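Notes to accompany the following structure.
The values are calculated or read from the model by the stated rules, or taken from the named source; none is laboratory data. No experiment lies behind these values; they were computed from the predicted model shown. In this analysis, Cβ positions are derived from the backbone assuming ideal geometry, glycine residues included, and neighbour counts consider all displayed protein chains. When the accessible area is computed, the model is the full protein with side chains, heavy atoms only, and any ligands, DNA or RNA have been set aside. Shrake-Rupley method; radii C 1.70, N 1.55, O 1.52, S 1.80 Å.
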Amino acid sequence: MQNTLLLGSEGIKKTILHGGTGDIPKFITGAKVTFHFRTQLCDDDRTVIDDSKVVGTPMEIVIGNMFKLDIWETLLSSMRIGEVAEFWCDTMHTGIYPIVSKSMRRIAEGKDPVDWHIHTCGMANMFAYHSLGYDDLDELMKEPKPLYFVLELLKVQQPSEYNRESWALSDEERLKAVPVLHGQGNKLYKQGHYQEATQKYKEAIICIKNVQTKEKAWEVPWMKLEKMANTLTLNYCQCLLRMEEFYEVIEHTSDIVNQGGLVVVFFF
């Protein structure tokens, strides 16, 4: 264990557990950072909340891409490749962690990180916001606490060194990708490739929902995005009908009908 130090931000302490190699990489906007992380409570047992090594998949974020837990960008930008460091972070930096953790856990469970098809009426959705679906995260949400983040920096790829997937796009890029994905889905549908078309529609919906999470629910910008997502969801359901996935169609369309009593018509 090496030199404990304070970073240039208030409420952060760093302890180097294993030194890295070379110079600190360039963490420019658009760079993709791959790392393992372990999140622990500051209790006597150092209770582990999340551990990417247990899941078996390292974490990836893109610098400057409005990742909700932006303090991780600050922590990682102090590290060298191969370095393992422990960071103590005060509550001013950890309040959003339960929401981020929920998304990461959903990915690990093979689910979408955003609930783009919650099959309940609007009133039920309002009550659902009071729980993240995990008891330990609900507790942290009610009473934010300082946390330890143990990070291991694996690699840093500059923007020209990797192909950017939809999750790595900025909000502006996501919205530009939606009509492209929509068009690709339509083409695949007309060719009879229904399974492939569903993937394009689903990717477009997730792009919209990722942007929508930054808007206030039921206000004009949010509703505009919701309308876009609903159109794509109906296209998605048209593919499911062709594949005779009738029960899933009912689930996906019920929420749209409950929102405004809409007549289900499929748009392309």
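Below are the figures for this structure:
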read-out	value
Filter pass, TRP167 being modelled with pLDDT under 85, among the aromatic types (Phe, Trp, Tyr) and closer than 24 Å to PRO58 by Cβ	yes
Top-ranked residue of the stretch 200-240 - restricted to ones that are over 18 Å from VAL257 (Cα atoms) and without any contact (Cβ under 8 Å) to a residue 12 or more places away in the chain, ranked as most open to solvent (accessible area, probe 1.4 Å)	LYS216
Count of the stretch 49-83 residues which are in contact with a Lys or Arg (Cβ under 6 Å, 6 or more places away or on another chain) and either over 15 Å from GLN157 (Cβ atoms) or polar (S, T, N, Q) (or both)	1
Residue in the stretch 39-58 that is nearest to TYR148 (Cα to Cα), counting only those that are open to solvent by less than 50 Å² (accessible area, probe 1.4 Å) and of a type in the set (A, V, I, L, M)	LEU41
Qualifying residue in the stretch 182-201 (condition: farther than 19 Å from ARG242 by Cβ and not hydrophobic (A, V, I, L, M, F, W, C))	no
Candidate set from the stretch 68-78 (those that are under 23 Å from the mean Cα position of the chain (by Cα) and surrounded by 16 or more Cβ atoms within 10 Å (Cβ to Cβ)); member that is farthest from TYR134 (Cα to Cα)	SER77
Spans of helices (runs of 4 or more DSSP H) in the stretch 41-138 with at least 3 residues at pLDDT below 90	97-108, 122-128
